[in-house]
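Novice: Pasting a structure here, questions to come.
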Amino acid sequence: MNPLSEIQVIVANEPRVYREAIAAALQKMRPEIATIAVDPADLAEGIDQYHPDLTICSQLITEVETEASAWVLLYP
């Protein structure tokens, strides 16, 4: 994660290999954006800790709906 980045994206989807691929692609295409990959079970904690500008997830949880600035639900 780039500590100087103003934009943070958290990626928390299953399967793990997809999560890691999405995070790696974001890092490569937009290195100025801090990309954090977390296990979906840890998503609520990740939102509380990082306060991301964008959350990409495969399961919509309350914290995403109430605290995330913007979110993308994969595989609806």
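The values are calculated or read from the model by the stated rules, or taken from the named source; none is laboratory data. Since this is a predicted model, take the numbers as computed values, not measurements. Ideal geometry is used to build each Cβ from the backbone, glycine not excepted, and the neighbour counts take in all protein chains shown. For the accessible areas, the whole protein counts, side chains as well, though only heavy atoms, and no ligand, DNA or RNA atoms are used. Shrake-Rupley method; radii C 1.70, N 1.55, O 1.52, S 1.80 Å.
Novice: With respect to the numbered conditions (1) on the phi < 0 side of the Ramachandran plot; (2) open to solvent by 50 Å² or more (accessible area, probe 1.4 Å), which one is the sole condition not fulfilled by Ile10?
Specialist: For Ile10, the failing item is (2).
A quick yes/no check of all residues on (1) β-branched (Val, Ile, Thr); (2) at positive phi; (3) part of a helix (DSSP H, G or I); (4) out of contact with any Gly (no Cβ under 8 Å at 6 or more places or on another chain):
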{"residue": "Glu6", "(1), (2), (3), (4)": "no, no, no, yes"}
{"residue": "Glu14", "(1), (2), (3), (4)": "no, no, no, yes"}
{"residue": "Leu26", "(1), (2), (3), (4)": "no, no, yes, yes"}
{"residue": "Pro31", "(1), (2), (3), (4)": "no, no, no, yes"}
{"residue": "Gly46", "(1), (2), (3), (4)": "no, no, yes, yes"}
{"residue": "Gln59", "(1), (2), (3), (4)": "no, no, no, yes"}
{"residue": "Val64", "(1), (2), (3), (4)": "yes, no, yes, yes"}
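Novice: Pro76 passes all but one of (1) surrounded by fewer than 20 Cβ atoms within 10 Å (Cβ to Cβ); (2) in contact (Cβ under 8 Å) with a residue 12 or more places away in the chain; (3) part of a loop (DSSP other than H, G, I, E, B); which number fails?
Specialist: Single failed check for Pro76: (2).
Novice: Quick one: in the stretch 20-58, which of the residues that are surrounded by 13 or more Cβ atoms within 10 Å (Cβ to Cβ), touching a residue at least 40 places away in the same chain (Cβ under 8 Å) and not charged (D, E, K, R) is farthest from Leu73 (Cα to Cα)?
Specialist: Here the residue is Tyr50.
Novice: Please identify the pairs in which a residue from the stretch 8-19 that is among the basic types (Lys, Arg) has its Cβ atom under 7 Å from the Cβ atom of a residue that is open to solvent by 10 Å² or more (accessible area, probe 1.4 Å), counting only partners at least 6 apart or on another chain.
Specialist: Arg19/Ala37
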